[in-house]
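Step one of this worksheet: look at the structure below.
Throughout, read-outs are computed from the coordinates displayed, never taken from laboratory work. The model shown is predicted, which means the values in this text are computed figures rather than measured ones. Methodologically, a virtual Cβ is constructed for each residue, glycine included, from the backbone with ideal geometry; neighbour enumeration extends over all protein chains shown.
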Amino acid sequence: MNLLAYFKSFTDLTRIRILNLMLDGPITVTELAWVLGVEQPKISRHLKILRDGGVVVVRRKENWSIYSLPSELATHYEAQLAFIRHQRQEVRQLADDARKRTSHTRAPVLKEAPQTERQADLAVDPEAGTGLQAHLL
């Protein structure tokens with residue numbers, strides 16, 4: 001992993017918003033663009049920076065590119081994600097993004113997308129209070 005590419009991943013609000021949404025599971029560019037209100041080409045550029053930094057991974061399913069957090073996370077990366085999750089309470093835009101994502105019907109390809117065990121640990125059930133934050137406490 002390139003150190004500068006890794007830290008560049010965390011230096012833009014749109015990329016933080018993307019990571020915030022990935023805490024809840026895999027997501028497509030189309031869904032990211034809809035939730036964030038940003039054009040798909042801009043989302044794709046941000047995703048490339050996140051991939052270059054080793055912060056997200058992509059897999060193809062038919063015509064879809066599905067982005068997610070890596071199944072194996074380094075300790076320092078988990079700390080960054082925990083901080084982003086905590087900021088949902090402080091930064092209204094992060095909470096609004098997560099709420100908007102869960103408020104609409106996901107594309108069929110994502111309904112079938114399996115989560116790795118690690119991604120399931122990172123996902124949050126707001127009613128149950130589970131996920132990365134609970135895992136780290």
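General observations
- In range of the label at Phe10: residues from region 75-101 whose backbone nitrogen is under 12 Å from the point 7 Å along Cα→Cβ: 75-85
- Over all other residues within a Cβ to Cβ distance under 10 Å of Val55, the charged ones net out to +2, with Lys and Arg as +1 and Asp and Glu as -1.
- Net length available on complete extension from Gln89 to Arg59 is 7.7 nm, with 0.36 nm assigned per residue and the Cα-Cα distance removed.
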